[in-house]
Each structure stands twice: as C-alpha cells, then as structure tokens.
Amino acid sequence: MENFDFSQYFSQHSFWEHLSETERQKLLSFSRLAHYHSKEAILSGDANCLGVLFILQGSIRIYLLGEDGKQATICSMKEGDVCALSASCMFSAATFDVQIDADSDCDIILVPSAVFSELMEKNIYMEAFIYRLMTEHFSEVLSAVERIFFLSLEQRIAAFLIDKSAETSSLLLPVTQEELAQSIGSAREAVSRSLKQFVKEGSIRLSRGKIEILDKNSLYKKLP
C-alpha cells in the first residue's frame, strides 16, 4: 500500500473536520501502516498500550484469555472498523486485558496511544469519538461474559453458528472445531461432543475444517 493517503482516509471520520491544522499534522506524522498475517498476534500479554487500530483490509479477532489457556471471543472487526481496546491504557478507569489476533491477512493504520491521548486532551471531538468506541467495546465485553456465564454450551454453539452464518452470508462455515471452541471459551472435547449431537439431530454436517448448517431453525430453537 505504497503512497497511502492518510489525510484522505481520516477525512472520512467525524473528528477530522474539527481538528486544527496542527492537530491534523500531529495525527498524520505518527500514523503508520502495519501488515499482519493470518493468525499473527497483534496484541498479547500485558502490552495494552499499542494504539488505536483503523482496519483497512482483512479482519481481527479480539478475545479474552483465561489462566487455563481457554479463549473467549469478544468480537471480530473488519474493514472500516476502528479498535480502541488495543489502547486501553488511555482509560485508567476502564482497562481491558484483551488479546488481539489477525483473523486473516490484514492491513491496519496504527496510531500510538500517546498521540491519541494528547489529541483527546485538546479536542473534545476526538475525545467523543474515542469514548463512543470504548462504550461500544464495553458493551461487547459484557455480552461475551454474559454468554460464557449464562448460556449453556449448546446455546453458545448455536449462537456462534448463527452469527457466523450471518457474517459470511453462507451456510457453509470455514471454521474448525478448535476455532469454534476458542471462540466460545470451551474445551474442544466438549464442543466436539455437542457438535456430534447437532449432527444426529440433522442441524449441521461436519467436514474437514468446515461446518455446514442444514437446519438453521433448529439452531434458533436452542437459543434462550
């Protein structure tokens, strides 16, 4: 993505027209392009101060990681989305210890946390932009935790398959049982047993690296 026009890209966002020329130059000077390969870690461990991510191409997966190694997906983001969870150090009262991986090969604009913090202090429109993002992210975190604690394993699997089908506009889902288990925060063995039951019921068909939905209505019936 040589000769990328950062100013043209940022002009599509609501905060741009409210930035002074000095603030615009600050943002442009420190913005950089980053490329990540599929499954590559973007944010891991205690490095919660990476910066704000503007996704140009591809998709990322944001998830919680338990001490036992289990993962639970909070959400996925794709082209056009903006992620502020990768800069949670900007919000001392609402820090999220999350992991972020590239879900596919992706190109991202990274703006360091320190730059955004400075712009937020000086410009109320930039502050409003970021706080709106964090409010949306907080809602997604709560929804993920709610699914883990209050839905049965079958319900979580059904919800995942329905959501994935809507996301891909397809009944044939390119997802492995291991990936499904990671996404819903469960053990692969338990997920495998539940999927076999779904197969017996005629709801799905399993193949190598894929799950095909045969009866979406039966999946909806499993939801609370």
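The values are calculated or read from the model by the stated rules, or taken from the named source; none is laboratory data. All values reported here derive from a predicted model rather than from experimental measurement. Backbone-built Cβ (ideal geometry, glycine too); neighbour counts: all protein chains shown.
When region 91-100 is limited to residues that are buried (at least 16 other Cβ atoms within 10 Å of the Cβ) and out of contact with any strand residue (DSSP E or B) (no Cβ under 8 Å at 6 or more places or on another chain), the one that is modelled with the lowest pLDDT turns out to be F96. With respect to (1) among the charged types (D, E, K, R); (2) farther than 24 Å from S86 by Cβ; (3) free of Cβ contacts under 8 Å to residues at least 24 places away in the same chain; (4) surrounded by 14 or more Cβ atoms within 10 Å (Cβ to Cβ), the lone exception for R208 is condition (4).
Table: residues versus (1) modelled with pLDDT under 90; (2) touching a helix residue (DSSP H, G or I) at 6+ places or on another chain (Cβ under 9 Å); (3) more than 23 Å from D101 (Cβ to Cβ).
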position	(1), (2), (3)
E154	no, yes, yes
A159	no, yes, no
Q177	no, yes, no
K210	no, no, no
P224	yes, yes, yes
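Give the residue that is farthest from A128 (Cα to Cα), with candidates limited to residues of region 64-84 that are of a type in the set (G, A, S), more than 8 Å from the chain's Cα centre (by Cα) and surrounded by 16 or more Cβ atoms within 10 Å (Cβ to Cβ). That would be A72. Determine if region 56-65 includes at least one residue that is touching a Pro at 6+ places or on another chain (Cβ under 6 Å) and either over 15 Å from D105 (Cα atoms) or at pLDDT 85 or above (or both). No, region 56-65 contains no residue that is touching a Pro at 6+ places or on another chain (Cβ under 6 Å) and either over 15 Å from D105 (Cα atoms) or at pLDDT 85 or above (or both).
Across region 30-73, the number of residues qualifying as of a type in the set (K, R) and either touching a helix residue (DSSP H, G or I) at 6+ places or on another chain (Cβ under 8 Å) or within 25 Å of F138 (Cβ to Cβ) (or both) comes to 2.
Among what's in region 189-205 and is of a type in the set (A, V, I, L, M) and closer than 20 Å to N217 by Cβ, pick the residue that is surrounded by the most Cβ atoms within 10 Å (Cβ to Cβ). Spell out the reasoning first.
The first filter runs over region 189-205 and keeps only residues of a type in the set (A, V, I, L, M), leaving 190-191, 195, 199, 204.
Narrowing further to those that are closer than 20 Å to N217 by Cβ: 195, 199, 204.
Numbers: L195: 20, V199: 14, I204: 23.
Filtering region 189-205 for residues that are of a type in the set (A, V, I, L, M) and closer than 20 Å to N217 by Cβ, the one surrounded by the most Cβ atoms within 10 Å (Cβ to Cβ) comes out as I204.
Each row is one residue, and each column tells you yes or no for (1) of a type in the set (D, E, K, R); (2) under 24 Å from L180 (Cα atoms); (3) buried (at least 18 other Cβ atoms within 10 Å of the Cβ).
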residue: L50; (1), (2), (3): no, no, yes
residue: R61; (1), (2), (3): yes, yes, yes
residue: S88; (1), (2), (3): no, no, yes
residue: A102; (1), (2), (3): no, yes, yes
residue: I109; (1), (2), (3): no, no, yes
residue: A114; (1), (2), (3): no, no, no
residue: F129; (1), (2), (3): no, no, yes
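Can you name every one of the helices (runs of 4 or more DSSP H) wholly within region 136-224 that holds 3 or more residues which are among the basic types (K, R)?
In region 136-224, 188-201, 216-222 are the helices (runs of 4 or more DSSP H) which contain 3 or more residues that are among the basic types (K, R).
Looking across region 118-144, just one residue is touching a strand residue (DSSP E or B) at 6+ places or on another chain (Cβ under 8 Å), farther than 16 Å from H13 by Cβ and β-branched (V, I, T), and that is V141.
Which residue, of S76, S88, is touching a strand residue (DSSP E or B) at 6+ places or on another chain (Cβ under 7 Å) and either assigned by TED's automatic domain parsing to the domain that holds E178 or of a type in the set (G, A, S) (or both)?
The conditions single out S76.
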